[in-house]
Structures are given as structure tokens and as C-alpha cells.
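Engineer: Below is the structure I would like to discuss, written out as C-alpha cells.
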Amino acid sequence: MQRAVPRHFSMLRGFHMADFFTLGNAACGVGAVFLAMLYMASHDLRHFYVAAALAPAAFIFDVLDGRIARARHQHSPLGRELDSLSDVISFGVAPAALGFAAGLQGGWDVVGLVYFVCCGVSRLARYNVTAEQLSGPAGKVKYFEGTPIPTSVLLTGLLALAAAFDGVGDSLFGGAWAIGPWVLHPLSLLFVLSGSLMISKTLHIPKF
């Protein structure tokens with residue numbers, strides 16, 4: 001029996017419609033990272049605002065991919081992994097990059113941003129592993145352990161608000177503290193708080 005030869009782009013041919021919306025989420029996250037870097041070179045606030053606006057756009061794609069998958073009964077392990085990887089970019093790396101571009105560049109700030117991203121990665125990995133354990137008889141997860149990573153959209157919104165009031169760069173909201181060898185901007189503590197809430201096991205958020 002002759003073995004079938006894989007066709008070009010055979011992996012993409014196997015994607016469901018929801019998977020392309022998930023990739024839209026990832027594209028928004030990558031675009032936000034690029035625009036944050038562009039803002040650091042240009043100091044053009046338009047680049048900063050568009051980068052921040054891509055966070056809610058990514059959130060819309062994230063919501064739609066789940067609804068489409070449920071409506072078409074096309075859940076798959078590949079789709080779940082795609083969703084998690086996209087969320088890491090859009091709601092983990094991108095907000096951290098935007099925070100760094102906004103002025104969170106002190107040593108302690110960077111530690112906080114790295115911690116935030118690592119918490120997001122850990123939270124998504126835990127969800128993928130425990131989703132079956134947390135699902136009810138209908139096979140649907142009833143609640144999240146810790147806050148979902150898309151809640152970082154609030155952080156990007158806050159950064160956009162700070163930019164609107166000239167509160168980025170040297171005028172970053174909250175000022176700066178010299179602690180030991182490094183500088184800490186209190187605003188970075190919000191990223192630390194967000195990350196800590198994501199990895200909480202005692203905080204249960206109902207999933208609607």
C-alpha cells in the first residue's frame with residue numbers, strides 16, 4: 001500500500017475556523033511588541049497607543065475563537081495549545097514590552113516584568129494540565145484557578161491612560177525609588193500583583 005505524501009501546508013489545512021481566530025490573537029500580540037519597540041525608537045505616541053489598542057483586539061479574537069469552537073463543536077488539543085501560546089504573547093509578553101517601553105526600565109522593574117510573564121506562562125500551563133480535572137459532568141470548566149491572563153488588558157489600558165496624561169518615560173506615574181543598586185517604579189508593582197493573582201490556587205473565578 002502506497003503511503004500518502006503530505007501536501008503543502010498540510011498542517012494549516014487541518015486547522016478549524018476557530019484556530020485562525022486564535023492566530024489573529026497571536027498576531028495582535030506580536031504587533032503590539034513590534035510597536036512598543038518602534039515607540040522606543042520614534043517616541044511617537046501614536047505607536048504606543050496602537051500597541052495598547054491591540055490588547056483589546058487580541059481579547060476579542062480570544063473570546064471569538066472559544067465561541068466559534070463551541071458553536072461548531074470543534075474543540076481539539078491543538079486548539080487549546082494554540083490558545084495558550086497566543087495568550088502568552090498577547091497578554092504576557094506584549095503588556096510587559098509595553099510597560100518597558102513606557103519607562104519601567106529600572107532593575108527592579110525588569111525583575112517584576114519577568115516575574116509577570118513567568119506567572120502568565122505558569123498559569124496557562126497549569127490550566128492546560130488541570131482543565132479536565134476542573135470540568136464538570138458536561139465537560140466544561142466551571143471556574144478558573146487564579147485570574148485569567150487576559151485580565152492584563154487592564155494593565156495596557158492603564159499604560160495608555162498614563163501616556164494620555166504625559167505619564168510615561170521620565171514622568172512615569174508614581175515616580176521612582178532607588179532601592180539598593182537598582183531603581184523601582186511603583187507602577188511595576190501592578191504587574192507583580194497581576195502575576196501573583198494569576199498563579200493563586202485559592203482564588204476561584206467563575207467561568208461564564
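Engineer: Using a 1.4 Å probe and counting only protein heavy atoms, arrange R46, R126 so the residue with the most accessible area comes first.
Structural biologist: Result, largest first: R46, R126.
Engineer: Accessible area per residue, 1.4 Å probe, Å², for region 21-109: what's the number?
Structural biologist: So region 21-109 comes to 46 Å² accessible per residue, rounded to a whole number.
Engineer: Residues in region 96-118, backbone N under 16 Å from the label point at W182 (7 Å along the Cα-to-beta-carbon vector): list them, ranges by number please.
Structural biologist: Zone members listed by number: 96-97, 99-101, 103-118.
Engineer: Let me ask something additional. Considering only protein heavy atoms, what is the solvent-accessible area of I205 at a probe of 1.4 Å, reported in Å² to the nearest 10?
Structural biologist: Approximately 50 Å² for this residue.
Engineer: Moving to a separate point now. For the pair C118 and Y49, what calculated FRET efficiency results from E = 1/(1 + (r/R0)^6), where r is the Cβ-Cβ distance and R0 = 35 Å, to the nearest 0.05?
Structural biologist: Efficiency, from the Cβ-Cβ distance: 0.80.
Engineer: Label-point separation (nm) for V30 and N128, each offset 7 Å from Cα along Cα-to-Cβ?
Structural biologist: With each label placed 7 Å out from Cα toward Cβ, I get 1.8 nm.
The values are calculated or read from the model by the stated rules, or taken from the named source; none is laboratory data. It should be emphasised that the depicted structure is a prediction, and the values quoted were computed from it without experimental measurement. Backbone-built Cβ (ideal geometry, glycine too); neighbour counts: all protein chains shown. The accessibility values were calculated without ligands, DNA or RNA, using every heavy atom of the protein model including side chains. Shrake-Rupley method; radii C 1.70, N 1.55, O 1.52, S 1.80 Å.
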